[in-house]
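For reference, the structure discussed in these notes is given below.
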Amino acid sequence: MSERMSERMSERMGERTTERSSTTTTTADANRGPDDGVPALLSVTDLSAWYGEARVLTDVSVTVAPGEVATLVGRNGAGKTTLLRSVMGLHKQVKGTVSLDGSDLGRRSPDARARAGIGWVPDDRGIYASLSVEENLMLPPVVHDSAWSMEKVYDHFPVLAQRRDFPGTKLSGGEQQMLAMARVLRMGSRLLLLDEPSEGLAPVIVQRIGEIIREIKAQGVGVLLVEQNVAFARSVADRHYLLAQGKVVEHLSNDALAARESELLTHLGM
Amino acid sequence: MSEFIQYTLQGLAAGGFYALSALGLAVIFGVLGVVNFSHGACYMLGAVIAAVLLAELSLGFWVALVVVPVIMFGFGVLMERLLVQWLLALDPLYNFLLTFGLTLILVEAVKLRYGVSGLPYEIPAGLGGQVTVGSVNLSVYAIFACVFSVVLCLAVGLLMTRTRIGMIVRAATEDPGRTRALGINVGRWVTPVFGFGIALAGLAGVLAAPTRAITAEMGSNFIIILFAVVVIGGLGSILGAVVAGFLVGLVEAYGVAYAPAYAQIVIFVLMAAVILVRPSGLFGREEVA
């Protein structure tokens, strides 16, 4: 097992120089993206990440403009969640830069990043069992004046108002997803990191989540969306980064994704 | 029957000491992930400081009830700032060993200064003697200790459920990393929570002082039972710590009264039974596979 690991490691090391030149072109592509001219809200530059000795991200560069939805598409284990955790400052074994509004976040703590305007919705929704629905909403501080008021939250998610005194984890999966998104909107996050919001949910709820994403996009919030459901990704996003083995292998506009959907589905193994 | 009621009262009084201390152990474990082995020693220090305040400064029980928790809070803050914080990033075993070592130091230091025979402490004036309810004679101090612990546990419960600090502590207990990612500076609460937990142990020590032999070793058996309490209640559960504290106090009192030969093991039989039926304790959350 460890032999195989080290073999793969050395393979990766050997490839690194050649990889770099290929990623450079991808990065250049990214800079010529459809958002050209709009200053980036989030810009991740040459980010690499490790778990111990194992490298899980290699020189990844990603940008998200205000009011833009960019997706990270790729197989399980491609490094999508690690990228979100690195942006949030939760994954610490990283190299490269993450900037918000042009200022480097450096080694700032997750709580400082959250207060700077990054809202994370983890793949398990991250709802607290020992907090009521309302407490789950009230826990994070309000960090920006674009924050949703409780009235607005309850107006958009009436089910949360009905269940405000329930323990957070007594909600259904879809309701927990709504709660997790509502929580960062009430905070006033300007950049949302959404980790597979559609996973395991009924189509009607996925559709509702799509509507919400389009609405917050219209308000100028930037969204970096991890998604395996290509159809859903295409319905809400502007651009797509295709991740494979920790690298951005393709950067596609929505139309390009549509044109190559069947090919990509094969590639993604979905 | 009247004996049974007396044992119940004794059990609830002892349970109050366990409940208060276990509450401290639970919040410290929840927020810092530290299993504080020195909790028994802090309980002992609470009682010893109360005895010393009385002997050397003539400050009585009521003063000790206020002053000792304040001193122990300061002690906890120092302990966390000087020692515990440096090991937080490492395996939890390191802080377990640190606090175990600290326990040995505290116990030996108290022995060195005050010897091994118990320090004297009396039931404060006004709380001595017995009161007759119906045909049953009850110790006034035991009633006081029960009521005081229950009120204090309720107050901590209100603090945890009704205030923003309590909400943050509950959230951080569930998942510190995620709570930071929601913009909460969890680190800011670590030191006060540790001090608070230690203060509760010290307070339990003061409450126990009039009814126990105050010796350097009084915390050694106490901490073992305290671990049984948190396992029964569910590690990290605040409500569990309180309920299991009173439960263990009762079981212990009945054991001593009706099965003295087995008194030492009843609690651990109870613990084993709870683990068999509910591995994560009475109020612990089931681990998600």
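No lab work stands behind these numbers, since they all come straight from the coordinates. From a predicted model like this one, the values you see are computed outputs, not experimental measurements. Quick reminder, even Gly has a Cβ in these numbers, built from the backbone with ideal geometry, and neighbours come from all protein chains shown.
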Can you work out ³J(HN,Hα) from phi for every residue in segment A:39-47, in order, using Karplus 6.51 cos²θ - 1.76 cosθ + 1.60 and θ = phi - 60°, giving whole Hz and x for Gly and Pro? x, 6, 7, 10, 9, 9, 10, 6, 7
Shape metrics for chain B, restricted to C-alpha atoms - Rg then Dmax, Å: 18.8, 60
Calculate one ³J(HN,Hα) per residue across segment A:169-183 by plugging θ = phi - 60° into the Karplus curve 6.51 cos²θ - 1.76 cosθ + 1.60, and present them in order as whole Hz with x for glycine and proline. 8, 7, 7, 6, x, x, 5, 5, 5, 4, 4, 5, 6, 4, 4
For A:Lys170, the lysines lying under 20 Å Cα to Cα, once residues fewer than eight places off in the same chain are dropped, come out as none
Which of B:Ile267, B:Ile214, B:Gly195, positive extreme of dipole for chain B (C-beta unit charges): B:Gly195
Here FRET efficiency (C-beta to C-beta, B:Leu65 to A:Ala244, R₀ 60 Å, nearest 0.05) is 0.35
Peptide B:67-76, shielding by other chains (average Cβ, 10 Å cutoff): 0
What translational diffusion coefficient, in µm²/s and rounded to a whole number, does the Stokes-Einstein relation yield for segment A:94-147 at 4 °C and a viscosity of 1.567 mPa s, taking the hydrodynamic radius as the Kirkwood radius over Cα pairs? 98 µm²/s
Compactness of segment B:39-107 as Cα Rg over 2.2 N^0.38 Å, two decimals: 1.29
Exercise: per-residue mean of other protein chain Cβ atoms within 10 Å, B:167-178: 5
What value in Å³ per residue do you get for the convex hull of the alpha-carbon atoms in segment B:186-289? 124 Å³
Where does segment A:74-176 land on Rg/Rh, using Cα atoms and the Kirkwood Rh? 1.02
Sum -39500 (n - 2.57) across every DSSP H segment of at least 4 residues in chain B, then divide by the residue count to get the 222 nm mean residue ellipticity, nearest 500. -24500 deg cm²/dmol
Based on Cα coordinates alone, diagonalise the gyration tensor for segment B:138-244, multiply each eigenvalue by 5, take square roots, and list the semi-axes in whole Å, largest first. 29, 16, 13
Under a GNM of chain B (C-alpha, springs under 10 Å), which listed residue has the highest mean-square fluctuation: B:Ala19, B:Ala125, B:Ala208? B:Ala125
What list of ³J(HN,Hα) values in whole Hz, one per residue of segment B:36-53 in order, does the Karplus curve 6.51 cos²θ - 1.76 cosθ + 1.60 (θ = phi - 60°) give from phi, with Gly and Pro shown as x? 7, 5, 7, 4, x, 5, 6, 4, 4, 4, x, 5, 5, 4, 4, 5, 5, 4
Counting sequence-distant residues (5 or more places) and residues on other chains, those with an amide H built under 5 Å from that of A:Leu192 are A:Gly119, A:Gly222, A:Val223, A:Leu224
Can you give me the C-alpha center-to-center distance between segment A:57-73 and segment A:136-179, rounded to a whole angstrom? 27 Å
What fraction of the Cα pairs in the protein assembly as shown, stated in percent, has a spacing above 31 angstrom? 57 percent
Inside 10 Å of the C-beta atoms of A:136-146, what's the mean count of C-beta atoms belonging to other chains? 2
For segment B:215-289, which GluC sites (Glu not before Pro) are both in a DSSP coil and crowded by at most 11 other Cβ atoms within 10 Å? B:Glu286, B:Glu287
